[in-house]
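Q: Supplied in structure tokens, the structure appears directly below.
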Amino acid sequence: MSRVRVHNFSISLDGFGTGEGQTLEAPFGHAGSRLHAWFFPTRTFQQMQGKSGGSASIDDAFAQNWAHGIGAEIMGRNKFGHQRGPWVDEDWKGWWGDDPPFHTPVFILTHHPRPAITMEGGTTFHFIDAGPAVALEAAREAAGGLDVRIGGGPTTIRQFLAADLIDYMHLAVVPIVLGRGERLWDSLEGLEQRFHVEAVSSPSGVTHLTFARR
């Protein structure tokens, strides 16, 4: 069976995966770009932007694994956009422009489903009102035997961890303290017992944690 994976998900030292106060101008709230500053210089990020160059660092060695063998993604609504409640602007097609970096079916968890959106490059956004198990079943069918990536945000990853549906997880622990926002670890006591956990430190100050199902 295909695996369920998390890649390149950044959290602060105090466990927040995004800041407080998301808006159109501030996708990560008061955290700004601080959680992802490690990722921007990497060769992987530069390639995602259609550019050459970038650092072939420890950070890039982890970052580049995010797309290999992935056939579908599941994400929470707040990763897709800033709107809450019923859709006010159905012209909104995400933060990523006409050609999002996913190039697979993407299933967005929302209590307000809407018609699918087909983008350039093979990305199709599907909006479903479903829990983790049902969403994963739909994503696996669309993935055609490839793995499914859980893209975030922290609430979505936490729900899949609580349901014991994640096989592999890569977290980048960034040396900042946010103090507020959305936490990853709440109500997950004893999580480490399910996984083999390894840590690698980077000169950027980030610690890369990997969790592989025992």
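Q: Check segment 157-168 and report whether any residue there is at pLDDT 95 or above and more than 25 Å from residue 13 (Cα to Cα).
A: The first filter runs over segment 157-168 and keeps only residues at pLDDT 95 or above, leaving 157-168.
Imposing the further condition that a residue be more than 25 Å from residue 13 (Cα to Cα) reduces the set to none.
No, there is no match, as no residue in segment 157-168 is at pLDDT 95 or above and more than 25 Å from residue 13 (Cα to Cα).
Q: Please report, ordered by residue number, the helices (runs of 4 or more DSSP H) entirely within segment 1-119 with at least 2 residues that are aliphatic (A, V, I, L, M) and either at negative phi or in contact (Cβ under 8 Å) with a residue 12 or more places away in the chain (or both). Explain how you work it out, then say what you get.
A: Working: elements: 43-48, 58-63, 77-80.
Helices (runs of 4 or more DSSP H) meeting the threshold: 58-63.
Q: Separate question: Which number in (1) within 18 Å of residue 39 (Cα to Cα); (2) surrounded by fewer than 16 Cβ atoms within 10 Å (Cβ to Cβ); (3) touching a Gly at 6+ places or on another chain (Cβ under 9 Å); (4) of a type outside the set (Phe, Trp, Tyr) marks the one condition that residue 174 misses?
A: (2)
Q: Same structure again: Scan (1) modelled with pLDDT under 95; (2) over 24 Å from residue 77 (Cα atoms) for the single condition residue 24 breaks and write down its number.
A: Exception for residue 24: condition (2).
Q: Would it be correct to say that residue 32 is under 15 Å from residue 176 (Cα atoms), surrounded by fewer than 22 Cβ atoms within 10 Å (Cβ to Cβ) and in contact with a helix residue (DSSP H, G or I) (Cβ under 6 Å, 6 or more places away or on another chain)?
A: Working: under 15 Å from residue 176 (Cα atoms): yes; surrounded by fewer than 22 Cβ atoms within 10 Å (Cβ to Cβ): yes; in contact with a helix residue (DSSP H, G or I) (Cβ under 6 Å, 6 or more places away or on another chain): no.
Spelling it out, it is not the case that residue 32 is under 15 Å from residue 176 (Cα atoms), surrounded by fewer than 22 Cβ atoms within 10 Å (Cβ to Cβ) and in contact with a helix residue (DSSP H, G or I) (Cβ under 6 Å, 6 or more places away or on another chain).
Q: Given the structure, is residue 166 surrounded by 18 or more Cβ atoms within 10 Å (Cβ to Cβ) and either of a type in the set (D, E, K, R) or part of a loop (DSSP other than H, G, I, E, B) (or both)? Can you show your working first?
A: Values: surrounded by 18 or more Cβ atoms within 10 Å (Cβ to Cβ): yes; either of a type in the set (D, E, K, R) or part of a loop (DSSP other than H, G, I, E, B) (or both): yes.
The answer is yes for residue 166.
Q: Hey, could you check segment 115-134 for residues that are polar (S, T, N, Q) and either surrounded by 16 or more Cβ atoms within 10 Å (Cβ to Cβ) or modelled with pLDDT under 95 (or both) and say which is farthest from residue 104 (Cα to Cα)?
A: Taking segment 115-134 first, the residues polar (S, T, N, Q) are 118, 123-124.
Keeping just the survivors that are either surrounded by 16 or more Cβ atoms within 10 Å (Cβ to Cβ) or modelled with pLDDT under 95 (or both) gives 123-124.
Numbers: 123: 5, 124: 7 Å.
In this case the residue turns out to be 124.
Q: On to the next question. Given the conditions (1) closer than 30 Å to residue 142 by Cα; (2) of a type in the set (D, E, K, R); (3) surrounded by fewer than 16 Cβ atoms within 10 Å (Cβ to Cβ), which single one is not true for residue 5?
A: Result: residue 5 fails condition (3) only.
Q: I'm trying to understand the selection: among the residues of segment 172-193, which are touching a helix residue (DSSP H, G or I) at 6+ places or on another chain (Cβ under 9 Å), closer than 30 Å to residue 140 by Cβ and not polar (S, T, N, Q)?
A: 172, 182, 183, 184, 185, 186, 188, 191
Q: Of all residues in segment 120-129, which are part of a loop (DSSP other than H, G, I, E, B) and in contact with a Phe, Trp or Tyr (Cβ under 8 Å, 6 or more places away or on another chain)?
A: Within segment 120-129, just 123 meets the criteria.
The values are calculated or read from the model by the stated rules, or taken from the named source; none is laboratory data. Values in this document were obtained by computation on a predicted structure and should not be read as measured data. When we count neighbours, we look across all protein chains shown, and the Cβ atoms used for this are built from the backbone with ideal geometry, even at glycine.
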